[in-house]
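Every number in this text was worked out from the coordinates using simple rules, so none of it is lab data. These figures come from a predicted structure and were not determined experimentally. Cβ placement follows ideal geometry from the backbone for every residue including glycine, while neighbour counts extend to all protein chains displayed.
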Ligand SMILES: Cc1cc2nc3c(=O)[nH]c(=O)nc-3n(C[C@H](O)[C@H](O)[C@H](O)COP(=O)(O)OP(=O)(O)OC[C@H]3O[C@@H](n4cnc5c(N)ncnc54)[C@H](O)[C@@H]3O)c2cc1C
């Protein structure tokens with residue numbers, strides 16, 4: 001698939017880091033992909049996986065795309081969800 005930006009949002013050819021050939025237009029080849037899933041296991045602030053009744057399951061932590069309930073207000077960084085919750089989970093696991 002090739003996507004072309006609408007005329008009003010096209011990069012000015014003068015802004016390109018190279019000399020475009022005369023009459024050049026810009027196009028980008030795109031491939032559909034999943035960057036991040038929104039759903040997942042419910043976790044608490046220690047990244048512990050919770051049961052439906054809200055109690056924590058012993059010795060089970062989740063981070064990254066496996067953890068849900070984080071991006072409820074809209075997509076929040078998937079990398080941050082992996083890195084921040086991953087560290088929180090590791091620290092909590094080391095303490096217990
Ligand atoms: C194209 C693209 C662009 C993105 N851009 C951004 C961005 O700009 N900013 C941002 O914040 N997020 C971005 N994301 C989202 C972010 O990359 C993910 O949300 C994040 O990497 C999820 O981390 P994770 O550790 O949960 O999962 P992953 O990064 O998917 O890590 C899971 C790992 O487990 C391994 N694995 C799977 N099954 C097994 C198995 N059975 N045994 C052993 N290992 C296994 C996989 O090989 C993989 O290495 C992007 C994602 C994509 C695809």
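Worth a mention:
- As a calculated quantity, the FRET efficiency between residue 95 and residue 42 at R0 = 22 Å, using C-beta atoms, amounts to about 0.60.
- Highest to lowest packing among 56-62, 30-36, 69-75, scored as the average C-beta count within 10 Å: 56-62, 69-75, 30-36
- The slack between residue 15 and residue 34, meaning 0.36 nm per residue of separation minus the straight C-alpha distance, is 3.8 nm.
- Fluctuation leader among 66, 15, 44 - the chain, Gaussian network, Cα springs under 10 angstrom: 15
- Cα-based helix-to-principal-axis angle, 78-95 vs the chain, degrees rounded to 10: 20
- Residue-averaged [θ]222 nm for the chain, counting only DSSP H segments that reach four residues, each worth -39500 (n - 2.57): -6500 deg cm²/dmol
- For the chain: span of alpha carbons on each principal axis (Å, largest first): 66, 25, 21
- Here the simple spin-label model places points 7 Å from the Cα toward Cβ, and for residue 80 and residue 58 these points are separated by 3.5 nm.
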